[in-house]
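Can you read through this structure? Questions will come right after.
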Amino acid sequence: MNKIACITGASSGIGWATSKALANLGYALILCGRRRERLEELQSSISSPTILLTFDVRNWSEVESAFSSLPNEWKNIDVLINNAGNAHGLSAIQDGALEDWDAMMLGNVNGLLYVSKMVIPEMIRRQMGHIINLSSIAGKQTYANGNVYCASKAAVEALSQGMRIDLNTFNIKVSNIAPGAVNTEFSSVRFKGDMERANSVYQGFTPLVAEDVADLIAYIVSCPSHVNIADVTILPTAQASATQIKKDL
Ligand code: 8X3
């Protein structure tokens, strides 16, 4: 049986590209997302064995029943990629909307915890495994109006460190990846479909594409067993920090 990788948020962006990259490495894939038809489209473009789990990471009972439904031969997950997450809105703390806060904290933090809770016990039993958490430059540097999104990604940073410490004794690797500007659906979700505003984020410089992050993840999972790439920040060359991007407009 191939090694098994489980990818949340596989229906778009970094999750989608990472699924393809790991399929090319010969992984069997558990593709997780909310949009069944997108997962089916991804599945049809991949030749390695795949199984689809359609659920919302924010909902514990959906997460629990999705993972409990896995056939036994799919339960030995070697690599978990906690990629699902998004930004909702970009506004000052005094103007923030409750539903945006809930979507970010539940999706980016609780979702990561819920999925990990379903996967870690089997990794512990097998005394092996690799968890890769998708954080953000926003988890390392807070910027104006980023407040709750930045907080949710700072929580991911802390959880990556905490998981690495607690799972150290079980031979489980934990990697944290903090991308900067990646041209995906991220900004259209953040700006709720305002494509003019979303596209302007990536104008005047060459942003990363999802495949750049997927290439990094392919490298991280391919390292020898004694090597753990613990924490990586990946930025476009034009980006120096969360807020400084050299733009030619
Ligand atoms: C996405 C990067 O800088 O737009 O996590 O927050 S940023």
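The values are calculated or read from the model by the stated rules, or taken from the named source; none is laboratory data. Treat the numbers as computed from the prediction; the structure is a model and nothing was measured. Cβ coordinates were reconstructed from backbone atoms using ideal geometry, including for glycine residues, and neighbour counts include every protein chain displayed.
Restricting attention to region 194-201, does a residue exist that is touching a Cys at 6+ places or on another chain (Cβ under 9 Å), within 15 Å of the ligand (Cβ to nearest atom) and not polar (S, T, N, Q)?
Narrowing region 194-201 to residues touching a Cys at 6+ places or on another chain (Cβ under 9 Å): none.
There is no residue in region 194-201 that is touching a Cys at 6+ places or on another chain (Cβ under 9 Å), within 15 Å of the ligand (Cβ to nearest atom) and not polar (S, T, N, Q).
Okay, moving on. Between A92, A178, which is surrounded by 18 or more Cβ atoms within 10 Å (Cβ to Cβ) and either within 29 Å of W74 (Cα to Cα) or out of contact with any Ser or Thr (no Cβ under 9 Å at 6 or more places or on another chain) (or both)? Outline the logic, then answer.
Details: A92 fails: surrounded by 18 or more Cβ atoms within 10 Å (Cβ to Cβ).
Just one listed residue meets the conditions, A178.
Hey, could you check region 132-162 for residues that are in contact with a helix residue (DSSP H, G or I) (Cβ under 7 Å, 6 or more places away or on another chain) and among the polar types (S, T, N, Q) and say which is surrounded by the fewest Cβ atoms within 10 Å (Cβ to Cβ)?
The residue in question is T142.
Of these, E185, E157, E122, E99, which one is at pLDDT below 95 and either more than 20 Å from G13 (Cβ to Cβ) or more than 11 Å from the ligand (Cβ to nearest atom) (or both)?
On the way: E157 fails: at pLDDT below 95; E122 fails: at pLDDT below 95; E99 fails: at pLDDT below 95.
E185 is the lone residue from the list that is at pLDDT below 95 and either more than 20 Å from G13 (Cβ to Cβ) or more than 11 Å from the ligand (Cβ to nearest atom) (or both).
Looking at the structure I just gave you, is I229 modelled with pLDDT of 95 or more, of a type outside the set (G, A, S), surrounded by 13 or more Cβ atoms within 10 Å (Cβ to Cβ) and touching a helix residue (DSSP H, G or I) at 6+ places or on another chain (Cβ under 6 Å)?
Details: modelled with pLDDT of 95 or more: yes; of a type outside the set (G, A, S): yes; surrounded by 13 or more Cβ atoms within 10 Å (Cβ to Cβ): yes; touching a helix residue (DSSP H, G or I) at 6+ places or on another chain (Cβ under 6 Å): yes.
So I229 fits the description; yes.
If you don't mind, there's one more thing I want to ask. If you go through region 47-86 one residue at a time, how many are over 18 Å from G129 (Cα atoms), part of a loop (DSSP other than H, G, I, E, B) and either within 20 Å of the chain's Cα centre (by Cα) or in contact (Cβ under 8 Å) with a residue 40 or more places away in the chain (or both)? Steps first, answer last, please.
Within region 47-86, the first condition is being over 18 Å from G129 (Cα atoms), and the residues that meet it are 47-66, 68-69, 71, 84-86.
Right, trim to part of a loop (DSSP other than H, G, I, E, B) and you get 47-49, 55-59, 69, 71, 84-86.
Within this subset, residues satisfying the condition of being either within 20 Å of the chain's Cα centre (by Cα) or in contact (Cβ under 8 Å) with a residue 40 or more places away in the chain (or both) are 48-49, 55-59, 84-86.
Residues flagged as over 18 Å from G129 (Cα atoms), part of a loop (DSSP other than H, G, I, E, B) and either within 20 Å of the chain's Cα centre (by Cα) or in contact (Cβ under 8 Å) with a residue 40 or more places away in the chain (or both) within region 47-86 amount to 10.
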